[in-house]
Amino acid sequence: MGEFNEKKTTCGTVCLKYLLFTFNCCFWLAGLAVMAVGIWTLALKSDYISLLASSTYLATAYILVVAGVVVMVTGVLGCCATFKERRNLLRLYFILLLIIFLLEIIAGVLAYVYYQQLNTELKENLKDTMTKRYHQPGHEGVTSAVDKLQQEFHCCGSNNSQDWRESEWIRSGQAGKRVVPDSCCKTVVPDCGRRDHASNIY
């Protein structure tokens, strides 16, 4: 009877150990995914980040990378703590999990509260950047990013093509009778931005 109980406890412990190991593997993969999103944003979407007046959005991408690394380290720590059965490692693992959980709750609440404000700010910043920096000396990166943005997302301006009427580039006469940039056109050819008809632009 005593042997049976001991075997039963051992079997339960082994099952729990492997279950925790599986959870930590999933946790590690989630951290890898978060880190990958941060790196992808910095590597491939950095042009778009340059369009924004605030550096908050760039900082967010770095935060994603750091958060991913922390989650991955926590996952590895959890695996080590599980197999070595060290109480100190398990305590540290539990504390890190608790901190990550609390940070996720705070981030979720802040995202919900500030979503609309960020959305409005993003539109205003984008419009301001487009109208004041497009085709201006020293802002070649912004010009390239705006053209890429409009072609990739099939759009014209921050809200619509009317935004370009306030553009420094159009007002200065450098546009050469264009009313919108050529990147607004459905089919980009030189000087196609002279017509802002719906059949020609997005």
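So, in segment 67-178, how many Lys pairs have Cα atoms under 20 Å apart, if the pair is 8 or more places apart or on different chains?
Working: Lys123/Lys132; Lys123/Lys148; Lys127/Lys148; Lys132/Lys148; Lys132/Lys177.
Total qualifying Lys-Lys pairs in segment 67-178 comes to 5.
Using R0 = 35 Å, the C-beta based FRET efficiency linking Lys84 and Ala33 works out to 0.85.
Local charge for Ile201 was computed over the other residues whose Cβ lies under 9 Å away, with Lys and Arg +1 and Asp and Glu -1, and equals +1.
Give me the dipole magnitude in Debye, nearest 20, for the chain about the Cα centre, with unit charges on the beta carbon: positive for Lys and Arg, negative for Asp and Glu.
Numbers: 20 positive and 17 negative charges, 68 e Å.
Here the chain has a charge dipole of around 320 debye.
Excluding Leu92 itself, calculate the net charge of residues whose Cβ lies under 13 Å from the Cβ of Leu92, where each Lys or Arg counts +1 and each Asp or Glu counts -1.
Numbers: positive: Lys84, Arg86, Arg87, Arg91; negative: none.
Combined, the nearby Lys, Arg, Asp and Glu give +4.
Roughly how much of Cys155 is accessible, in Å² to the nearest 10, using a 1.4 Å probe? Using a 1.4 Å probe on the heavy atoms, I get roughly 40 Å².
Entry note, segment 68-202: relative contact order of 15 percent, from Cα contacts under 8 Å with a spacing of 6+ residues. Building the convex hull from the alpha-carbon atoms of segment 88-167 and averaging its projection over directions returns 8.4 nm².
Compactness ratio for the chain: Cα radius of gyration over 2.2 N^0.38 Å (N = residue count) comes to 1.59.
The values are calculated or read from the model by the stated rules, or taken from the named source; none is laboratory data. The model shown is predicted, which means the values in this text are computed figures rather than measured ones. Neighbour counts run over all protein chains shown; Cβ positions are idealised from the backbone, glycine included. SASA here: full protein model, heavy atoms, side chains in, ligands and nucleic acids out. Shrake-Rupley method; radii C 1.70, N 1.55, O 1.52, S 1.80 Å.
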